1. Test each condition in (1) in contact (Cβ under 8 Å) with a residue 12 or more places away in the chain; (2) over 30 Å from residue 163 (Cβ atoms); (3) hydroxyl-bearing (Ser, Thr, Tyr); (4) not in a helix (DSSP H, G or I) for residue 38 and report the one that comes out false.
2. Of the residues 280, 285, which single one is under 17 Å from residue 466 (Cα atoms), out of contact with any Asp or Glu (no Cβ under 7 Å at 6 or more places or on another chain), open to solvent by 30 Å² or more (accessible area, probe 1.4 Å) and in a helix (DSSP H, G or I)?
3. Is it fair to say residue 237 is modelled with pLDDT under 95, assigned to a loop (DSSP other than H, G, I, E, B) and either of a type in the set (Phe, Trp, Tyr) or surrounded by 15 or more Cβ atoms within 10 Å (Cβ to Cβ) (or both)?
4. Evaluate the following for residue 223: is it under 22 Å from the mean Cα position of the chain (by Cα), open to solvent by 30 Å² or more (accessible area, probe 1.4 Å) and at pLDDT 95 or above?
5. Can you give me the number of residues within the range 511-531 that are in a loop (DSSP other than H, G, I, E, B) and either at pLDDT 95 or above or open to solvent by 30 Å² or more (accessible area, probe 1.4 Å) (or both)?
6. Is one or more of the residues making up the range 328-338 in contact with a Ser or Thr (Cβ under 9 Å, 6 or more places away or on another chain), in a strand (DSSP E or B), at negative phi and surrounded by 15 or more Cβ atoms within 10 Å (Cβ to Cβ)?
7. Is it fair to say residue 270 is open to solvent by 30 Å² or more (accessible area, probe 1.4 Å) and in contact with a Lys or Arg (Cβ under 8 Å, 6 or more places away or on another chain)?
8. So in the range 252-297, with the set limited to residues that are more than 23 Å from residue 343 (Cβ to Cβ) and of a type in the set (S, T, N, Q), which one is farthest from the chain's Cα centre (by Cα)?
Amino acid sequence: MVIVERSAVLQAALTALKAGHYRDAEQMCRPLTLHDQSDMQAVLVLGLALAAQGKADAAAPLLNRVARLNPLHAHPCRDLAELLPWEIRALLVEGQYRACLARSPSDARLRFGLAELLRERGDGAGAIGVLQPLLRLLGESAEVHDQMGAALAEAGRFAEALAEFRRAVELDPAQAVFWGNLAMMLKIEGQFDAALDACDQAVARAPEHRQLRVNRAVVRLHAGRLAEAWQDEEWVLAEEGRSALSTERLLPPLSRSPELAGRTVLVVQEEGLGDTLQFLRYLPLLARRGARVAAAVPPALTRLLRTVPGIALVPDGVDAVPRFDFWCSFNSLPRVFEVTLETIPAEVPYISADPLLARRWAARLPDDGALRVGLCWAGQARPWLSGFVGLDGRRSTRLATLEPLGNIPGLRFVSLQKGPAVQEVPTFNLLDLMAEVQDFADTAALVANLDVVISVDTSVVHLAGAMGKPVFLLDRYDNCWRWLSGREDSPWYPTLRIFRQQRSGDWAPVIARVATALAAMARRPSPGRGCQDAA
């Protein structure tokens, strides 16, 4: 085949592959490989096209052949993972990894890649099983110990993971990422000074590595060293940017910002709904400085935020975003205000339910004098975010775990749960009206009619805390930085009480402590609810 013709066919096949036309790519590449079996570019595209169609056994020898000729590169199965949309990626890529591994069981790249895939799906135990043969064969490999540490961490076996990360650093102290992983595990174990030392080691070895800077900021935040954390966050924003918006118009810390009077500040959501609800408290403070504040949030929050004083505009969509002088993400507002633990603005409520909506929801609830307890026991898995499935599995529980609370007299339980977890069947009285809840304005109106909210670490905690409701947070062992360490209260929400796991995955003692506190609360007269809270 003429070189020019071959190049054109290969380029067309590659274009078809990237466009998702996998069968077309296969048909174009087959003649190329029959003409020249050493044409590794064609072999790679053909292998990927077959794999993307789910033909794992046919693709495996082709992909393995390419891998053997490129020992210093990742196995082509990783290319497949990057090629496929996340909705179908997990099943097809895992099958392809296993088909390739069956033919090449000693290829460490395959085991590392498959273990990473399983970790992303929250299957730490599966990742451990995939890596164990390497630990036996390559016990002095720092990378094997680092990978095993990541698998153990995903499985919630943090003490064992810490030992593996320590071993990785001992074997190869030059690798910044190994130090970074060690730092995050030390953070989980509450060893903040050692964690920060490890962060410094990591950043010293790779000062331009964005994630290592993010990790150090998170450790500082978790340790309560907020002022130091903003230094790393500001560097990350300046070097990388987390938004399509220009960093030139990013709102700087207020201590060195221009006059805001008459200026429009656009505040955008870039992370979770809970983050937005937590940092919403800063928008009225911007307005007090004379700013015209616009908030760009998902539809679930639009109606609620339009009731918050100080917000001039909540656009309906991207096209409606106004012209602005400065912008900032909700998560960066503490940096803008240069907040410390002592200066967190914790006045609540800063969110109130619409009084009319609150009255409507009050009419849906039984008025039997029982203490009304809102329950939320699971978060959202977000499978499109790498590593979030496992985190959600650790922060969430099952409705059956809360069953001991149902034995406490004088309580009326009301569901605040959305998502797949609503399919769980309660074994105690649980009123579920959430199918009628359209957005957070409705949720706020329902919460306004409750006496206490009990929830795992989800946006419900932030909503109830922002409304000044008593909140019992069921907190996982490897908890989020915002809940700090070693304390049962929160500087962010004065009405919040933390019930934290002492062992990863062990909710029983947590629920026992909650039951004791809830029983004591049920014996006290209700402080009032409903429209009084919504006013």
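1. Going through (1) in contact (Cβ under 8 Å) with a residue 12 or more places away in the chain; (2) over 30 Å from residue 163 (Cβ atoms); (3) hydroxyl-bearing (Ser, Thr, Tyr); (4) not in a helix (DSSP H, G or I) one by one, residue 38 breaks only (1).
2. Numbers: 280 fails: open to solvent by 30 Å² or more (accessible area, probe 1.4 Å).
Matching residue, one of 280, 285: 285.
3. Working: modelled with pLDDT under 95: yes; assigned to a loop (DSSP other than H, G, I, E, B): no; either of a type in the set (Phe, Trp, Tyr) or surrounded by 15 or more Cβ atoms within 10 Å (Cβ to Cβ) (or both): yes.
No; evaluated as a whole, the condition is false for this residue.
4. Values: under 22 Å from the mean Cα position of the chain (by Cα): yes; open to solvent by 30 Å² or more (accessible area, probe 1.4 Å): yes; at pLDDT 95 or above: yes.
For residue 223, the condition - under 22 Å from the mean Cα position of the chain (by Cα), open to solvent by 30 Å² or more (accessible area, probe 1.4 Å) and at pLDDT 95 or above - is met.
5. 6
6. So the first thing to find is which residues in the range 328-338 are in contact with a Ser or Thr (Cβ under 9 Å, 6 or more places away or on another chain), and the list is 329-331, 336-338.
If we keep only those that are in a strand (DSSP E or B) too, we end up with 329.
With at negative phi added as a condition, the list becomes 329.
Of the ones still in play, those that are also surrounded by 15 or more Cβ atoms within 10 Å (Cβ to Cβ) are 329.
Looking through the range 328-338, at least one residue is in contact with a Ser or Thr (Cβ under 9 Å, 6 or more places away or on another chain), in a strand (DSSP E or B), at negative phi and surrounded by 15 or more Cβ atoms within 10 Å (Cβ to Cβ).
7. Numbers: open to solvent by 30 Å² or more (accessible area, probe 1.4 Å): yes; in contact with a Lys or Arg (Cβ under 8 Å, 6 or more places away or on another chain): yes.
Yes; evaluated as a whole, the condition is true for this residue.
8. Among them, the one singled out is 264.
The values are calculated or read from the model by the stated rules, or taken from the named source; none is laboratory data. For clarity, every value in this text was computed on a predicted model and none was experimentally measured. Quick reminder, even Gly has a Cβ in these numbers, built from the backbone with ideal geometry, and neighbours come from all protein chains shown. Side chains included, ligands, DNA and RNA excluded: accessible areas come from the protein's heavy atoms. Shrake-Rupley method; radii C 1.70, N 1.55, O 1.52, S 1.80 Å.
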